[in-house]
1. Would segment 25-44 turn up any residue that is modelled with pLDDT under 80, of a type in the set (D, E, K, R) and not in a helix (DSSP H, G or I)?
2. Do you know which of the residues in segment 84-97 that are modelled with pLDDT of 95 or more and open to solvent by less than 50 Å² (accessible area, probe 1.4 Å) is farthest from Phe43 (Cα to Cα)?
3. In this structure, is Ala136 over 19 Å from Arg33 (Cβ atoms), buried (at least 16 other Cβ atoms within 10 Å of the Cβ), at pLDDT 95 or above and touching a helix residue (DSSP H, G or I) at 6+ places or on another chain (Cβ under 8 Å)?
4. I'm told Ala142 meets every condition in (1) more than 15 Å from the chain's Cα centre (by Cα); (2) crowded, with 18+ Cβ neighbours inside 10 Å; (3) closer than 29 Å to Arg76 by Cβ except one. Can you identify the failing condition by its number?
5. Quick check on my filter: what residues within segment 106-139 are of a type in the set (S, T, N, Q) and assigned to a helix (DSSP H, G or I)?
6. Which pairs turn up if I take residues in segment 67-86 that are closer than 24 Å to Leu36 by Cβ and look for partners that are among the small types (Gly, Ala, Ser) with beta carbon separation below 7 Å, at least 6 apart in sequence or on another chain?
7. Which of the residues belonging to segment 42-83 are open to solvent by 40 Å² or more (accessible area, probe 1.4 Å), among the aliphatic types (A, V, I, L, M) and within 19 Å of the chain's Cα centre (by Cα)?
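The values are calculated or read from the model by the stated rules, or taken from the named source; none is laboratory data. What you see is a predicted model; the values in this text were computed from it and never measured. With ideal geometry, Cβ positions are generated from the backbone for all residues, glycine too; neighbour counts draw on all protein chains shown. Just so you know, the surface numbers come from the protein's heavy atoms only, side chains and all, with ligands and any DNA or RNA stripped out. Shrake-Rupley method; radii C 1.70, N 1.55, O 1.52, S 1.80 Å.
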Amino acid sequence: MIAIIVKRARVRFIAVAILLCAIETALAQPRTRLALNQNAFAFATQLIKEGRSVPDGKGAWSEHKPSAQEENEFIRLRGFGEYAKWHLGIDDSFAGNTKRRYKFPFGDFKNLHRCGLLAVKSRARQYGYTAIENAATQLERAIGTQSKR
């Protein structure tokens, strides 16, 4: 009787170990095919050089980010190519002509906002998008350097 209990315990232990390994492997895989939008990074760098950045504070992004209606109007007037320039992330699992493809916005379609970059850094760090977090950090530093000139 004890031998049967021990055998069942071993089988359960092995099953739990296999399940935990499978869960760990699944969690280690990226949830989306999100990549740094190199064109947006270059565009943001250019905005900073042109002095089109707002050195606002942390927490102001909720007030400064464009509304869904403003986004739709911008897309209607300028298209998805221009819309993409305002987002540091691209999710390849969505079509190019959808808003869902573009992640991590940083500006209001006129100026780059420091508070937007702070929000990008925070979310990118939270979800493990290191390249996007590093890009936002570089842009934030560039704003600091530009404002000291």
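1. Taking segment 25-44 and keeping what is modelled with pLDDT under 80, we get 25-32.
Pick out the ones that are also of a type in the set (D, E, K, R) and you get 31.
Restricting the remaining residues to those that are not in a helix (DSSP H, G or I) gives 31.
Yes, that holds for at least one residue.
2. Asp91
3. So Ala136 passes the test.
4. Condition not satisfied by Ala142: (3).
5. Answer for segment 106-139, where residues must be of a type in the set (S, T, N, Q) and assigned to a helix (DSSP H, G or I): Ser122, Gln126, Thr130, Asn134, Thr137, Gln138.
6. Partner pairs satisfying both residue conditions: Phe80/Gly96; Ala84/Ala40; Lys85/Ala40; Trp86/Ala40; Trp86/Gly107.
7. Of everything in segment 42-83, those that are open to solvent by 40 Å² or more (accessible area, probe 1.4 Å), among the aliphatic types (A, V, I, L, M) and within 19 Å of the chain's Cα centre (by Cα) turn out to be Ala42, Ala68.
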